[in-house]
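The values are calculated or read from the model by the stated rules, or taken from the named source; none is laboratory data. Every value quoted in this text rests on a predicted model; they were computed, and no experiment measured them. In this analysis, Cβ positions are derived from the backbone assuming ideal geometry, glycine residues included, and neighbour counts consider all displayed protein chains. Accessible surface areas use protein heavy atoms only, side chains included; no ligands, DNA or RNA. Shrake-Rupley method; radii C 1.70, N 1.55, O 1.52, S 1.80 Å.
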Amino acid sequence: MKKHSARVAPLSACNSPVLTLTKVEGEDRTRENVVGSTDAQSASAAGGESGTSRRRLHCCVRVTAVQVRKALWGVAMVMCVCSSWAGSTQLAKLTFKQFDAPFTLTWFATTWNCLFFPVYYVGHLCKSPERQTPRQRLRECCRFFGDEGLTPKVFFTKVAPFGLLWILTNYLYLQALRKINTTDVSALFCCNKAFVFLLSWIVLRDRFMGVRIVAAILAIAGIVMMTYADGFHSHSVIGITLVVASASMSALYKVLFKMVLGSAKFGEAALFLSIVGSANFVFISFVPVILYFTHVEYTGSPADIPWAYLCGVAALLFAFNILVNFGIAITYPTLISLGIVLSVPVNAMVDLYTCDINFNTVRLIAVFIICLGFLMLLLPEDWDQCIIRLTTKLRKRDDPAEVAGETGANAGLNWRGRGRTSLSTYAR
């Protein structure tokens, strides 16, 4: 008992320097531990926040870099599409001065489509980690036509009609170049975008959009004004009719392809176009021969044919089709379409210095209306919602003081509410 009381007594003695010191040291250690743990928690929280912010910053920088790279590729793609389309149009116009055979030129240029799949396969070997043999890749792409692949029935029902539409589109376009200038032809061909929308709305039951109806009306108004610009002469009316028919065939090709075959991957599209080119060479080669011997498209001896011009037109059209069909792999589809409409002012500048063309007010308004309608058709389906979101964001950025003031007022109200609740609790 004495030992026990002896141990208790010092505990109750507040004057003991050892106990006082030990007690103070214990309190300091406890406080130090608490402060240390608080600092560690705050440091870890700060480290977590900084790590999160770094990850967000890295992600934003990476996304921005990807978008910038895609935009730069888009600018290059716009220039390439514009130059190839305008170049093929101008060169075809020059070719007809020495080689007046539009169907033969169409057949020759379409035959170059055979090169699509070989070019695609070279790209596949360079980019794909799993390299396949040409036969394996061909079999895989043939599944696009069905489980049985490319059978004679599939060829004559799903491939041959599109080959005929392809030839008609190019032949009518080249025929129109023989009648009217390249500026009018390239501007009127932009109406195919409006025809695609109208056919998709009627046949495929696509979503109705008022802005696209307005664009289609502008395209039709531009066609009428373009016809009026030359005073309804028979020569210009025939040329305008031919290019509008070419745009219609192009729209019909696109809508029927979507309805019959659906969407195609890059390899499937390349194989399809190669089959179209091969079928053109095998089944349509007799037509230029008949036209030659009947003197409908008499070209003289083979030595008189301007092979450089023919190969130039075919190469530019081939490059244009490659850019349009496969350019979406590296940039936005809207920028590719923008390259087509930009070929109109390029052709106008070339025509202004190379041929006698009258850019009267009616023609300029017609070209402007058609191009405006084309650009309106490039708007996305939710363009109105995007504008509303953008306007809302801009308003929030323009009025930061109001937002801060509202936040401060709300904070003050919350503080007062809490104070009243505490007082009422203590009163009770």
* For segment 173-197 and segment 62-83, distance of Cα centres in Å -> 27 Å
* Which sequence of Ile213, Ile330 reflects their accessible areas, 1.4 Å probe, from the largest down? -> Ile330, Ile213
* Accessible area per residue, Å², segment 269-344 with all protein chains present, probe 1.4 Å -> 46 Å²
* Quick one: accessible area per residue over segment 82-141, 1.4 Å probe, rounded to a whole number of Å²? -> 52 Å²
* Asked: Under a plain spin-label model, where a point goes 7 Å from the Cα along Cα-to-Cβ, how far apart in nm are Asp147 and Leu379?
  -> 4.6 nm
* Asked: Taking a probe of 1.4 angstrom, what is the accessible area of Val214 in Å², to the nearest 10?
  -> 70 Å²
* Structure fact -> Probe 1.4 Å, all chains present, heavy atoms only: Phe117 accessible area in Å², nearest 10, is 30 Å²
* Kindly sort Cys82, Cys114 by accessible area of their heavy atoms, largest first, with the probe set to 1.4 Å. => Cys114, Cys82
* Residue pairs, from the table Lys153/Lys258; Lys153/Lys254; Lys193/Lys393; Lys127/Lys393, whose Cα atoms sit over 29 Å apart -> Lys193/Lys393; Lys127/Lys393
* **Peptides ranked, highest mean first, by Cβ atoms within 10 Å: ranges 369-375, 120-126** => 369-375, 120-126
* For Ile365 and Thr392, calculate 0.36 nm times their separation in residues minus their Cα-Cα distance, and state this gained length in nm to one decimal. => 6.2 nm
